[in-house]
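All remarks here apply to the structure that follows.
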Amino acid sequence: MKNKDLKKSFEKKMSCSDLGIRFELKEGDHHKYKVYYKGKFSLSFMISHGNSKEIGKSLQSLMAKELGLSKKDFLRLVSCPLSTEEFIEKSENIDK
């Protein structure tokens with residue numbers, strides 16, 4: 001999994017205003033995201049710059065934890081089988 005693929009997938013999944021989820025992106029040393037659900041802050045998440053960098057397994061686990069997902073669901077989120085609705089349902093970091 002590469003940084004650019006993760007960024008693209010994450011931004012697509014977190015741009016569903018009809019589901020009440022949105023994100024704010026702040027650029028700096030990393031792409032820093034704040035995710036809001038139904039107008040309330042839910043979680044923050046970072047992706048390093050560098051389009052061709054591979055994301056190692058330990059970093060994948062850390063990112064999954066930041067999103068409140070199991071590593072399996074995190075990988076499904078990035079590869080697209082996990083829908084935005086499922087992300088909202090499964091994330092432990094989003095108050096439903």
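The values are calculated or read from the model by the stated rules, or taken from the named source; none is laboratory data. Just so it is clear, the model here is predicted, and its values are computed rather than measured. Cβ sites come from the backbone with ideal geometry, for glycine too, and all protein chains shown count toward neighbours.
Quick notes
- Against the conditions (1) free of Cβ contacts under 8 Å to residues at least 40 places away in the same chain; (2) within 19 Å of residue 3 (Cα to Cα); (3) touching a helix residue (DSSP H, G or I) at 6+ places or on another chain (Cβ under 9 Å), residue 56 satisfies every one except (3).
- Residue count for region 78-95 under the criterion of being touching a Phe, Trp or Tyr at 6+ places or on another chain (Cβ under 8 Å) and either among the aromatic types (Phe, Trp, Tyr) or at pLDDT below 85 (or both): the result is 2.
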